[in-house]
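Undergrad: I'd like to ask you about the structure that follows.
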Amino acid sequence: MSINSVCRTYLEKQMELKTVLSQKRPKQQNEYLFVTKFNTPLNSLIYSDAIKAVIKQINLTKPLDNQFEVFSGHTFRHTFATRGFENGVDAKVVQSYLGHASIKMTMDLYTHVIKEKSVADIEKIVPQNKNKIIDIKRKRA
């Protein structure tokens, strides 16, 4: 599978961290790349708690009527699909990244239309050259 340059950079950093942790904790050897500071595998509870802790920190600086909502780690898959779609990544490519059997699942369940994208995209149908509109009107007359 392909990864972009930013992802590659962070995966390389994670591999370096894993090497250091493995050397510090030789008794806790495993094949996992993402591990705790004790070189033990991450689990869904640790992952969920980490997300909640970050959101709690964010919300300390936000007014009560504008709090950041708690979400699950699975939300990142939806975000990935939506951002790919917004940036013109082919739907079949996004489907393959997510491992979905059908394009329908990718498009119907994993991609979401963001208001800003919707507003920007509607402008794509406006002719770049306003003279084209005049020419169309003349042809109809």
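Undergrad: So, for the chain, what is the accessible surface per residue at a probe of 1.4 Å, expressed in square angstrom?
TA: 82
Undergrad: At 1.4 Å probe size, with the rest of the protein present, what percent of the exposed accessible area of the chain is carbon and sulfur atoms?
TA: Ligands and nucleic acids excluded, carbon and sulfur give 60 percent.
Undergrad: What are the ³J(HN,Hα) values, in whole Hz, obtained from phi via the Karplus relation 6.51 cos²θ - 1.76 cosθ + 1.60 with θ = phi - 60°, for each residue of region 89-95 in sequence order, with x given for Gly and Pro?
TA: Couplings: 6, 4, 4, 5, 5, 4, 4 Hz.
Undergrad: Another question, then. Of (1) 2, 11, 22, 25, 22, 12, 5, 1, 0; (2) 2, 7, 10, 11, 14, 15, 12, 9, 6, 4, 3, 2, 2, 1, 1, 0, 0; (3) 2, 7, 8, 10, 13, 15, 15, 13, 10, 5, 2, 0, 0, which one was derived for P(r) over Cα pairs in 5 Å bins from 0, in percent from the structure shown?
TA: (2)
Undergrad: Something else about it: Relative to the present Cα-Cα distance, how much length would full extension add between residue 37 and residue 59 at 0.36 nm per residue of separation?
TA: Contour length minus Cα-Cα distance gives 5.3 nm.
The values are calculated or read from the model by the stated rules, or taken from the named source; none is laboratory data. Because the structure is a prediction, the values reported are computed rather than measured. The protein model used for the area step is the full one, side chains on, heavy atoms only, and it has no ligands, DNA or RNA in it. Shrake-Rupley method; radii C 1.70, N 1.55, O 1.52, S 1.80 Å.
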